[in-house]
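Here the structure comes first, spelled out in structure tokens, and everything after it is commentary.
Bear in mind these aren't lab numbers, they're just calculated from the coordinates by the rules spelled out. What you see is a predicted model; the values in this text were computed from it and never measured. With ideal geometry, Cβ positions are generated from the backbone for all residues, glycine too; neighbour counts draw on all protein chains shown.
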Ligand SMILES: Nc1ncnc2c1ncn2[C@@H]1O[C@H](COP(=O)(O)OP(=O)(O)OP(=O)(O)O)[C@@H](O)[C@H]1O
Ligand SMILES: [Mg+2]
């Protein structure tokens, strides 16, 4: 299951992503954690110290390796250089699975020990000004999009992406790659305006958007969020002493998390699990092709000097039943 945490800067995306990842790990579920936010804080939020976090390999720096591996023997993709972030898999492509070892994880993922078990962590690497343009060829999140478009994941396997709600994910198709998108919103006008913007973009793509209210104190905050986002409000989280202790570098055992926060995390998981039955591999594949053609037309063809529409394998559908293709 592919899950995104998005929202305004400082709303609590990293905090809630990391709590959800810890929750899943404590249940023994396989988790791939991905930091795709402009501010790269997921590693520290999962307990890595500064030097460990700084030493994580950046996905953005391994794009040639990722492309070469995923391309496999797909005859429609002549070279790794002709592959852009939206190039879809087809027959012959290599696919990624949550529970496996592969050269992409070897190069780009690191295990992080949490209470209950280890998760894999991948990070895009820090963003620079040059990364933040529209439809940027070298966009760091491009590596994430490529991986998600080549990932086959089942009901009890989780890929949790800490992401920003910025224009980068809308310029590409990244925002459509998730089974559930949790929009983290503080009970403020700004927090809610990011929700509206996201909802509008997502509207035509069947994105399952659920609002997680954060730093919600009391009835007035709750009433505000309810009035502003209506039924999209899934749950709210208050101020967490556990999180505050972690910020001080003294993370308590995870089972000491507040009961109310644990209930909230359970609800997130139930929401993700029930989204499984609404999965639609045809639509998922159609959307990746849609964004690929759009990117090809707007900059990809020109940049690579090839007609990238020819990369689309019309008979290929990415779903759980897809045969391992090499
Ligand atoms: N429920 C909470 N209880 C206590 N502190 C919280 C809570 N949620 C977030 N915080 C604190 O608020 C700050 C911002 O949270 P966080 O870093 O998770 O936000 P973010 O959306 O990822 O921000 P950025 O856009 O900078 O990546 C952090 O110091 C975090 O510890
Ligand atoms: Mg963050």
Query raised in the report: To the nearest 0.05, how large is the calculated FRET efficiency for residue 320 and residue 99 if R₀ is 22 Å and r is the Cβ-Cβ distance?
Result: 0.95
Query raised in the report: How far, in nm, would the chain grow between residue 199 and residue 61 when pulled straight, counting 0.36 nm per residue and subtracting the alpha carbon separation?
Result: 46.5 nm
Requested in this report: Please find the FRET efficiency linking residue 270 to residue 222, where r is the Cβ-Cβ separation and R0 is fixed at 22 Å, and quote it to the nearest 0.05.
Outcome: 0.60
Query - Angle in degrees between helix 189-202 and the longest Cα principal axis of the chain, rounded to the nearest 10 - result: 30 degrees
Query raised in the report: Per the helix-only calculation at 222 nm, which mean residue ellipticity applies to the chain, given -39500 (n - 2.57) for every DSSP H run of n ≥ 4 and division by its residues, nearest 500 deg cm²/dmol?
Result: -10500 deg cm²/dmol
Query raised in the report: For the pair residue 188 and residue 310, how long in nm is the line joining their label points, each one 7 Å along Cα→Cβ?
Result: 5.2 nm
Query - Principal-axis tilt of helix 281-295 within the chain, Cα atoms, nearest 10 degrees - result: 70 degrees
Report summary line: Taking 8-14, 69-75 and ranking on average Cβ neighbours within 10 Å, highest first, one gets 8-14, 69-75
Report task. Any chance you could give the angle, 0 to 90 degrees and rounded to 10, that helix 259-275 forms with the longest Cα principal axis of the chain? Result -> 30 degrees
Report summary line: Largest fluctuation, 185, 310, 296 only, Gaussian network model of the chain with Cα springs under 10 angstrom, belongs to 310
Report task. Starting from the Cα gyration tensor of region 2-311, multiply each eigenvalue by 5, take the square root, and state the resulting semi-axes largest first in whole Å. Result -> 32, 22, 17
